[in-house]
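Report on the structure given below.
The values are calculated or read from the model by the stated rules, or taken from the named source; none is laboratory data. None of the values given here were measured: they were computed from a predicted structure. Here Cβ is always computed from backbone atoms with ideal geometry, including for glycine, and neighbour counts include all displayed protein chains. Areas reflect the complete protein model, heavy atoms only, side chains present, ligands, DNA and RNA absent. Shrake-Rupley method; radii C 1.70, N 1.55, O 1.52, S 1.80 Å.
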Amino acid sequence: MKNHLLKIFLFMIFPFSFMVTGCPSDWDPIPDAELYEDFEPLEWKDSYVFAPSNFPCQIHVWDSETGCLVRTYDLRKQTSYRGQPETRALFMNNMVVFGKSIWFDGSGRQNHLVRIDIQTGKISFLAPNIHTVGIVYNADGSEDSLWAATYSDYHVGFAAYKYLPDGSFAEEIDVPGTDIDLGCIKGVYRCNDDYYVIASKLQDFSFTEEGRKGFKLIHLSSSDKNKISEIPFESFFPEDQFLKDNTISTLGSNGKYSETFGIGASDYYGDNPNEQNRFISLNVVFRDEECNCKVTRFLYKNNKTVPASFEYTGVKSDNEDGRSMFFAAESSNCYFIGGRSTMAIEGDDWDGIEIGVYSKESCEQIKRFRFISGNQLYACRQKDCAWFPRDQKYQVNPPYYEEYTDGPVLYKLDYKTARAYIYHADGSYEELEPEL
């Protein structure tokens with residue numbers, strides 16, 4: 001596609017631009033794929049929890065049966081160039097564990113889709129020089145697969161790449177489009193043995209008739225050139241349900257809105273471990289007359305047997321800090337949703353993951369947990385709980401960081417009991433107190 005050629009062209013001429021301007025590059029020229037060696041093999045266990053961090057660039061492997069740290073994959077390399085020492089690293093944008101392998105889109109000297117085979121330790125660099133916006137896997141049918149996608153360029157579209165569990169490339173699917181806004185590919189899901197991705201339209205919208213443009217359903221498995229169909233605006237905002245809601249009606253028709261889609265959780269485990277639901281968040285961002293921004297996030301369930309079928313849970317989040325909806329899960333009587341705070345609040349000096357616990361009966365938040373320095377690269381789900389990584393360094397005065405002295409830790413959220421814990425490398429743990 002044209003956008004891929006443009007990215008490769010820019011990547012090739014960027015270092016040259018330094019030379020012609022009289023500023024020689026101080027980067028060592030060794031490609032990432034030649035620098036990194038294979039890791040030591042690790043016997044696979046279904047109880048493993050994988051916890052990535054970019055501060056520093058490492059992936060920690062924990063055993064949920066013992067609560068202990070068992071392995072660290074260090075993605076940093078010490079090199080030298082022109083006689084000067086240098087630290088190279090693979091910066092992770094997001095990660096999944098699929099087919100007994102770790103997959104992540106990494107940025108080093110180049111952009112890659114990276115795969116680490118746990119049982120052999122082999123590291124593979126796939127899709128070189130393609131900057132993916134996200135990766136997601138499906139393991140609920142006869143053909144397990146992993147998908148990665150590029151950003152959507154205006155008037156061009158995007159490309160989706162399909163891989164099999166052993167790391168082999170299956171196919172590239174080019175999706176042309178003039179107004180597709182693909183912020184991530186977490187929306188890829190399997191339905192009746194077909195693959196779909198939900199995207200929003202590029203333009204802003206409002207609650208006037210003119211602004212109700214709807215959204216996009218992209219049928220990746222279709223051989224038809226016309227892969228894109230419309231999802232009506234009313235699929236998410238039926239008038240009798242939302243326009244009477246105070247949160248929506250007070251925005252008026254003059255507000256400026258932008259919408260993004262994302263799967264909050266591709267897998268759900270409640271009281272029945274075999275039950276799976278998907279959650280979709282619709283985020284409405286607007287500005288008031290004083291140009292203050294506000295974000296309201298609505299939580300929907302997606303019927304996995306019917307494409308573009310959505311059920312509003314009644315849960316919405318409009319926190320002052322603009323808390324993202326990176327994570328969503330449910331138990332028999334609660335929803336758990338949350339992510340990183342995207343805005344600073346005066347007098348509330350903290351950074352990390354915040355999980356709100358919502359009553360299914362009232363749809364109101366009843367308490368919240370804060371995982372200090374938690375990141376949202378990956379949440380490992382195991383039956384009735386989820387595990388969240390913590391960065392080992394924290395920002396004290398931008399751009400300076402300090403390192404925690406208690407070593408790697410891991411956060412655990414228990415769905416059944418609605419409790420949270422912090423684990424240490426030796427298996428010891430403490431219960432975290434919620435905020436009401």
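A few notes on this one:
- Checked against (1) in a loop (DSSP other than H, G, I, E, B); (2) open to solvent by 10 Å² or more (accessible area, probe 1.4 Å); (3) over 17 Å from Q119 (Cα atoms), P85 passes all but a single condition, namely (1).
- Tabulated pairs, segment 154-169, first in a loop (DSSP other than H, G, I, E, B) and open to solvent by 10 Å² or more (accessible area, probe 1.4 Å), second modelled with pLDDT of 85 or more and of a type in the set (G, A, S), C-beta under 6 angstrom, 6+ apart or interchain: L164/A170; P165/G99; G167/S124
- Of all residues in segment 55-82, those being open to solvent by 70 Å² or more (accessible area, probe 1.4 Å) and of a type in the set (D, E) number 1.
- Residues in segment 1-56 that are modelled with pLDDT of 85 or more and among the charged types (D, E, K, R) were compared, and the one that is nearest to Y401 (Cα to Cα) is D32.
- Scanning segment 88-110 for residues that are in a strand (DSSP E or B), open to solvent by 30 Å² or more (accessible area, probe 1.4 Å) and either touching a residue at least 40 places away in the same chain (Cβ under 8 Å) or touching a Ser or Thr at 6+ places or on another chain (Cβ under 6 Å) (or both) gives F91, N93.
- Restricting segment 28-48 to residues that are open to solvent by less than 50 Å² (accessible area, probe 1.4 Å) and among the charged types (D, E, K, R), the residue that is farthest from Q119 (Cα to Cα) is D28.
- Residue pairs meeting the criteria (Cβ under 8 Å; at least 6 apart or on separate chains; first part of a strand (DSSP E or B), in segment 424-436; second open to solvent by less than 50 Å² (accessible area, probe 1.4 Å) and hydroxyl-bearing (S, T, Y)): Y429/Y421; Y429/Y423; E430/Y421; E431/Y421; L432/Y411; L432/Y421
Residues are listed down the side, and each one gets a yes or a no for (1) at pLDDT below 95; (2) closer than 19 Å to A51 by Cβ:
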site	(1), (2)
K383	yes, yes
Q395	yes, no
Y400	yes, no
D406	yes, yes
K412	no, yes
A420	no, yes
E430	no, yes
E433	no, no
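- Among residues of segment 399-416 that are within 19 Å of L69 (Cα to Cα), none has a beta-carbon under 6 Å from a residue that is loosely packed, with under 12 Cβ neighbours inside 10 Å and modelled with pLDDT of 90 or more at least six positions away or on a different chain.
- If the condition is being open to solvent by less than 30 Å² (accessible area, probe 1.4 Å) and over 19 Å from P41 (Cβ atoms), then segment 111-125 contributes H112, L113.
- Summed over segment 360-402, the residues that are assigned to a loop (DSSP other than H, G, I, E, B) and open to solvent by 80 Å² or more (accessible area, probe 1.4 Å) give a count of 5.
- Looking across segment 170-201 at every residue that is of a type in the set (K, R) and open to solvent by less than 30 Å² (accessible area, probe 1.4 Å), the one that is modelled with the highest pLDDT is identified as R190.
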